[in-house]
Structure formats: C-alpha cells, structure tokens
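Below you'll find the structure, written out as structure tokens, and then a few comments.
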Amino acid sequence: MREIEFRGLRKDGKGWVYGDLIRDYPHHATGLSTQQYGVIIHEVDKGTICQYTGIKDKNGVKIFEKDRVVGKDGVLGTVDMLNGSYIVRINNK
C-alpha cells in the first residue's frame, strides 16, 4: 500500500510542512496537520499543495507533484497527475 502524504508552504513564511491534508477546517481554509506530538495544524498556501507520488529519486528523496526532475538523458520535466497516474511533463526551453 502506498504512503499518502502532502506538503505545502506555510502561510506564515516558515517553509514547507508535511502531513495530512485538511480542507475547510473551521479556523483554516486549507492546512496540513503533523502527527509527531499530537495534531498541529498549519495554514498553507493552496497553490503549493502537492501529493507524494510514492516514488523516491536515486538519493532516496521523496518525489512530489510539481517537483522538477531531470531524466537520465538530461531532459527537464515537472511531475504532474493525468487521469489518476503520475507523469513527467517535459519542460520547453
């Protein structure tokens, strides 16, 4: 079974937060919760929310939607979802 994880940029400018996606929470329009020490909710910019693909790069780093990747042939692309599958869209120069 694939790990479900989201990330988004915090609205308070303190970087990325990783965890479960929460929508329409009474005090936050959209947020991510972390479960390390109970539930902590961070409001995030909706435009930065992306989901973990279940794939890691050659260095073991998790790949998320909207990540920029470089193929073995040096071609640049952006990870996206199309019809329920993750794809890499080739970036035009």
Given the criteria among the β-branched types (Val, Ile, Thr) and modelled with pLDDT under 90, does Ile41 qualify? yes
Condition set assigned to a strand (DSSP E or B) and not small (Gly, Ala, Ser), scope segment 35-51, selection surrounded by the fewest Cβ atoms within 10 Å (Cβ to Cβ): answer is Gln36
Those residues of segment 37-93 that are in contact with a Leu (Cβ under 7 Å, 6 or more places away or on another chain) and acidic (Asp, Glu) come to a total of 1
Within segment 52-93, of all residues that are open to solvent by less than 30 Å² (accessible area, probe 1.4 Å) and in contact (Cβ under 8 Å) with a residue 24 or more places away in the chain, the one farthest from Arg23 (Cα to Cα) is Val79
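The values are calculated or read from the model by the stated rules, or taken from the named source; none is laboratory data. Since this is a predicted model, take the numbers as computed values, not measurements. Counting neighbours? That spans all protein chains shown, and the Cβs are built from the backbone with ideal geometry, glycine included. Areas reflect the complete protein model, heavy atoms only, side chains present, ligands, DNA and RNA absent. Shrake-Rupley method; radii C 1.70, N 1.55, O 1.52, S 1.80 Å.
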